Amino acid sequence: MDKLMELDNRKKELSNNRQGISDNKLEISKDLISIIVPCYNEEEALPAFYRAASDAVKEIEGADCEFIFIDDGSRDHTADILQRLSAMDGRCRYLSFSRNFGKEAAMYAGLQNASGDYCVFMDADLQHPPELLKEMYRVVKTEGYDCCAGLREDRTGENHMRTVLSRTFYHIIGRICRLDMGDGKGDFRMISRAMADSILELKEYNRYMKGIFSFVGYDTKWIPFHNVERSAGASKWNIRSLFRYAIDGIFSFSSAPASLSGATGVLLLLISALVGICSLVSGRGLTGIPLLICLLFLLNGIQMFFISILGQYMSRDYMESKKRPVYIIKKRGGF
Ligand code: UDP
Ligand code: MG
């Protein structure tokens, strides 16, 4: 709450800035950068984020910015903080979801409600350094790129188990998806209006954003940055949610697991044919109850495993066919 009072003290300064911005708009038409920030239980991190991001955008010449915060069904005071930010700074808008729909849904909602010439996705915990915004804007504005993205060079401060699992996941997905989704290539990126509109054209329910960025294409320039520990609060991911996220990524962007089941089926047929031929040629035969039970379990196990792969695709298709909304907005402010 102390932090909130600190924010209030900046009210006057910000309203002066705002006045300055609207005066400028009368003179020259500046670019607008929409800063999209998904927030889930970020009451501790938000004040510092707002301060740092506001300072960083002051350095950007030739562009104004708007903040689009998405409260992804937080259970703490995130919504109150966003309401106050929006009341004191006309650049701050927020959407509050009716429950936790996940970061991907929050990013989608932010993009749908952003009016900027450029849009940038940032985490609320300052793990995406706001100082990079100026360089990102320069790249997309002057170098002809539609996307300038942060490339996290290391995983300093991250749980060792998570580092190993994430690296394995990105190695696998890189091999089977034929899309550019390497380790360190996250969501922190500034994109042009053209790329934003292309992303919005994809209406799928299972929105794996890293895959979507890669799918829509466009030229991307990567700028490296070092990982830092989150400024406050705790990561919202646990092993279970990361595993679900990984499965979503693989099944949303690759049919390789289904091909794998086909290839294994062919292999099994070949083996059984070989066994049959061998037993006929030798004249002894492969009989016996233990062998039968063993084979039964093995084949059933394999069958069930691959049925589950098919099930993954069917369940995704099922969700898509329902045409459910990706998110539900309970409240909005500043729009
Ligand atoms: N986040 C969200 N919904 C969720 C989980 C996370 O909007 O269900 C937001 C979170 O508030 C943060 C960003 O996504 O701004 C990244 O989350 P986090 O820092 O927990 O992820 P990590 O950095 O550990 O990958
Ligand atoms: Mg984080």
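Annotations for the structure displayed:
- Protection-proxy order for peptides 262-275, 244-257, each taking the mean of Cβ atoms within 10 Å per residue, highest first: 244-257, 262-275
- Report note on the peptides 305-316, 65-76: ranked by the mean count of other C-beta atoms within 10 Å, highest first, their order is 65-76, 305-316.
- Most mobile listed residue (57, 164, 228) in the chain, GNM with C-alpha springs under 10 Å: 164
- GNM result for the chain, Cα springs below 10 Å: residue of 211, 110, 62 fluctuating most strongly: 62
- Candidate residues 136, 304: accessible-area rank, largest first, probe 1.4 Å: 304, 136
- Gyration tensor (alpha-carbon) shape descriptor, the chain, a/c threshold 1.5: prolate
- Average accessible area per residue (Å²) across the range 75-152 - probe 1.4 Å, nucleic acids and ligands excluded: 36 Å²
- Calculated FRET value between residue 302 and residue 163, using beta carbons and R₀ = 41 Å, to 0.05: 0.80
- Three-way shape call for the range 29-135 based on the alpha-carbon gyration tensor, with the a/c threshold at 1.5: prolate
- Surface composition of the range 140-274: carbon and sulfur make up 59 percent of the accessible area, probe 1.4 Å.
- Probe 1.4 Å, accessible area per residue of the range 182-254, Å²: 46 Å²
The values are calculated or read from the model by the stated rules, or taken from the named source; none is laboratory data. Since the model is a prediction, treat every value here as computed from it, not as a measurement. Don't worry about glycine lacking a Cβ; one is built from the backbone with ideal geometry, like all the others, and counts go over all protein chains shown. These accessible areas exclude ligands, DNA and RNA; they are computed on the full protein's heavy atoms, side chains included. Shrake-Rupley method; radii C 1.70, N 1.55, O 1.52, S 1.80 Å.
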